[in-house]
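Beneath this line is the structure, given in structure tokens, with notes to follow.
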Amino acid sequence: MGIVEKIKEIEEEMARTQKNKATEYHLGLLKAKLARYRAQLLEPASKSGPAGVGFDVQKSGDARVALIGFPSVGKSTLLSKCTHTASETAAYEFTTLTAIPGVIEYQGARIQLLDLPGIVEGASQGRGRGRQVVATAKTADLILIMLDATKSEEQRRLLEIELDAVGIRLNKRKPDVVFKRRTTGGITLNTTVKLTKTDEKTIRTILAGYKLHNCDVMIREDITTDEFIDVLIGTRKYIPCLYVYNKIDAISLELVDKLARTENTVVISCEMDLNLDYLIERIWESLELVKVYTKKRGARPDLSDPGRSSKFSPHAQKVSLNHQLQDEDVVSIFTK
């Protein structure tokens, strides 16, 4: 039985199992197995055999934004409108067969916008160019999920399922759990909060399933079983996301208003150039970029040169400069 068949078998068993206190332990074991098989599917242990055809694009600028969506939702048109990058566009599916980069210049920053090939259902299991798309998406600082406003919300749910299956966590933060491996001493498990979504027995069983018999675990928030598995795997990516609904010129004003009021959502029309400026503003806000200026000692910074920008990560609490500073330079940071 192949990995894909094993994944399907576990998913079917999870769907049949009722969720209650009595089955929580069993479901925890199934989730741990499912996470292992999905990791093996996306990152095979054996690298022998012919190399696949990829479309990796060198990361450039101050941040990378990945455009993800089903075929024929207007991703290529949006890239052309926002970056003035020539991109083949058409109304049929699979116009984009490779990754096409463009650059948005805004507030002195250079933001790389990457149009990825359309995702199909089952992309997380390798259908279409799914593995290559999600591997590139993991390198992004922000994901734009492009949706067709004339279609049902099922398209959004399916895309979220595909991205979640490959370890991309949208608009979530990393669980507050400290995990350290040791060579001896057994398992030390401490919690600073009451666990209501999982229990110690399930956690210890998951650790045993991953052959982790010597480690320290400190849990500082009420996490779920899935979140604890994410911590153990350690390859999960927590990426902010904006849901971009295109073709709003083809729906009612009532539906446009409803979509626009949804959290982390922007409504646009590429065909009529509606709301594209606002979308770029939201991209800037979601990336949390700041402007970094340099100045000589005793002199005021030259605020007319905002070109020296770099990403500021509120979680890492650090600024990474894109150029080498001279010894006599002093860094001043101004957020706008």
Label-point gap, in nm, between ASP277 and HIS84 - each point 7 angstrom along Cα→Cβ: 1.7 nm
Subtracting the Cα-Cα distance from 0.36 nm times the residue separation, let me have the gained length for ASP164 to LYS296 in nm, one decimal. 42.8 nm
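For the pairs LYS151/LYS247; LYS172/LYS201; LYS19/LYS172; LYS6/LYS31, note any where the Cα-Cα span goes beyond 19 Å. Let's see the in-between values first.
On the way: LYS151/LYS247 10 Å; LYS172/LYS201 26 Å; LYS19/LYS172 24 Å; LYS6/LYS31 12 Å.
Correct reply: LYS172/LYS201; LYS19/LYS172.
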Surface/4 estimate of mean projected area, convex hull on alpha-carbon atoms of region 177-233, nm²: 3.4 nm²
What list of ³J(HN,Hα) couplings, whole Hz, do you get for region 189-195 from phi and the Karplus terms 6.51, -1.76, 1.60, once you set θ to phi - 60° and write x for glycine and proline? 10, 10, 10, 9, 9, 7, 8
What FRET efficiency do you get for ASP216 and LYS172 if R0 is 25 Å and r is their Cβ-Cβ distance, rounded to the nearest 0.05? 0.55
List, in order, the whole-Hz ³J(HN,Hα) value for each residue of region 101-112 obtained from phi through the Karplus relation with A = 6.51, B = -1.76, C = 1.60 and θ = phi - 60°; use x for Gly and Pro. x, x, 10, 9, 9, 8, 6, x, 9, 10, 10, 7
Taking a spot 7 Å from the Cα of ILE233 along the direction of its beta carbon, which residues of region 1-32 have an amide N less than 11 Å from it? 31-32
Report the full-extension gain for the segment ALA39 to ASN190: residue separation times 0.36 nm, less the Cα-Cα distance, to one decimal in nm. 51.6 nm
Full-extension gain between THR98 and GLU288, please, as 0.36 nm times their residue separation minus the C-alpha to C-alpha distance. 65.6 nm
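Each value in this text was obtained by applying a stated rule to the coordinates, not by laboratory testing. Because the structure is a prediction, the values reported are computed rather than measured. Backbone-built Cβ (ideal geometry, glycine too); neighbour counts: all protein chains shown.
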